[in-house]
Amino acid sequence: MKKHILLVLAVILVILVRQVDFFKFKDHTNGPKVFDKTTHSLSDPASLWIIVNKKRPLNPPNYEPNDLTMPKVPLRREPSSVEMKVRASAAKAMEELFDSAKHDGLSLALASGYRSYDMQKTTYDTEVIGYGKKFADTESARPGYSEHQTGWAADVGPENGECVVLDCFANTPEGKWLAIHAWQHGFVIRYRQSTKAIVGYKYEPWHIRYVGKELANEIHKTNLTLEQFFDLPAAPNY
């Protein structure tokens, strides 16, 4: 009888040990993965996730990336122009993006990439002279407030020159393709329709921002702006 009781206790002990081991070593990685919004800085000008808008200027204002690279893609300007350069990882992703478009029978070209503080000042001042300050602020960033200065943003268009940096780009085969596929290569359409009150600029179907595939996928799934996704204040004006 004593041996039987000891045997039963031994069996119970084995079962308990196995249950402890199960809960201790159970693989919890199969659950939904939580996206880590702190992976990259939102304020460091060199960060992949830097968010620049009318409320968030670059610091320092004259920041210059240290790895500007000319992507091996069709260019709107001469290769000697610094506007034909973007950050190195963005250049590689752009090459993949353009190759994917080419595979689908479409040819994209880089219209404008990096712009220095001085270049952006010239661009903005020209808009102000031509259209007035109020209108200029709806479609051109003031110097020190431009995504182009980070080296992560670019304006693209059809290689044939049709509707380059114009609203009609959205209705071209290239524009429609870009709207559907940009996120798959780590880019987002930064200034989308009906987001002016948040991002501060009118719809620019040609303006893409490289954020990496992981974040681009999240933006695609949630259909949010970068400001909304990271719970930042809207930036409709300065």
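A few notes on this one:
- Residue within region 113-129 that is modelled with pLDDT of 95 or more, closer than 20 Å to Pro205 by Cβ and not in a helix (DSSP H, G or I) present: yes
- Any hit, region 130-153, residues being assigned to a strand (DSSP E or B) and touching a strand residue (DSSP E or B) at 6+ places or on another chain (Cβ under 7 Å): yes
- Test: residue in region 146-159 that is under 17 Å from Gly186 (Cβ atoms), among the hydroxyl-bearing types (Ser, Thr, Tyr) and crowded, with 21+ Cβ neighbours inside 10 Å: yes
One line per residue, one yes/no per condition, for (1) at pLDDT below 95; (2) not acidic (Asp, Glu):
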{"residue": "Phe22", "(1), (2)": "yes, yes"}
{"residue": "Asn53", "(1), (2)": "no, yes"}
{"residue": "Tyr63", "(1), (2)": "no, yes"}
{"residue": "Pro71", "(1), (2)": "no, yes"}
{"residue": "Glu83", "(1), (2)": "no, no"}
{"residue": "Ser89", "(1), (2)": "no, yes"}
{"residue": "Glu95", "(1), (2)": "no, no"}
{"residue": "Asp104", "(1), (2)": "no, no"}
{"residue": "Ser107", "(1), (2)": "no, yes"}
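- Contact map, region 212-230: residues that are more than 18 Å from Lys92 (Cα to Cα) paired with residues that are of a type in the set (Phe, Trp, Tyr) and at pLDDT below 95, Cβ distance under 6 Å, separation 6+ or inter-chain. Pairs shown: Glu218/Phe35.
- Taken together, the residues in region 180-225 that are under 13 Å from the mean Cα position of the chain (by Cα) and of a type in the set (Gly, Ala, Ser) amount to 4.
- Every residue from region 76-92 that is part of a loop (DSSP other than H, G, I, E, B) and within 17 Å of the chain's Cα centre (by Cα): Lys85
- Those residues of region 78-109 which are without any contact (Cβ under 8 Å) to a residue 12 or more places away in the chain and of a type in the set (Lys, Arg), in sequence order: Lys102
- Screening region 96-121 for residues that are over 19 Å from Glu78 (Cβ atoms) and of a type in the set (A, V, I, L, M) and picking the one that is surrounded by the most Cβ atoms within 10 Å (Cβ to Cβ) gives Leu97.
- For region 77-121, the set of residues classified as acidic (Asp, Glu) and under 22 Å from Lys176 (Cα atoms) consists of Glu95, Glu96, Asp99, Asp104, listed by residue number.
- Pick from region 201-238, criterion among the aliphatic types (A, V, I, L, M) and touching a Gly at 6+ places or on another chain (Cβ under 9 Å), ranking: nearest to Thr138 (Cα to Cα): Ala235
- When Thr172, Thr126 are checked against the criterion of being surrounded by 16 or more Cβ atoms within 10 Å (Cβ to Cβ), β-branched (Val, Ile, Thr), farther than 16 Å from Pro57 by Cβ and without any contact (Cβ under 8 Å) to a residue 24 or more places away in the chain, Thr172 stands alone in meeting it.
Each row is one residue, and each column tells you yes or no for (1) closer than 20 Å to Ile208 by Cβ; (2) over 19 Å from the mean Cα position of the chain (by Cα); (3) of a type in the set (Val, Ile, Thr).
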position	(1), (2), (3)
Lys102	yes, yes, no
Ser107	yes, yes, no
Leu110	yes, no, no
Tyr117	no, yes, no
Arg142	no, yes, no
Ala153	yes, no, no
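- Inside region 26-75, residues that are in contact with a Gly (Cβ under 7 Å, 6 or more places away or on another chain), in a loop (DSSP other than H, G, I, E, B) and either among the charged types (D, E, K, R) or farther than 18 Å from Arg190 by Cα (or both) make up a count of 3.
The values are calculated or read from the model by the stated rules, or taken from the named source; none is laboratory data. It should be emphasised that the depicted structure is a prediction, and the values quoted were computed from it without experimental measurement. Ideal geometry is used to build each Cβ from the backbone, glycine not excepted, and the neighbour counts take in all protein chains shown.
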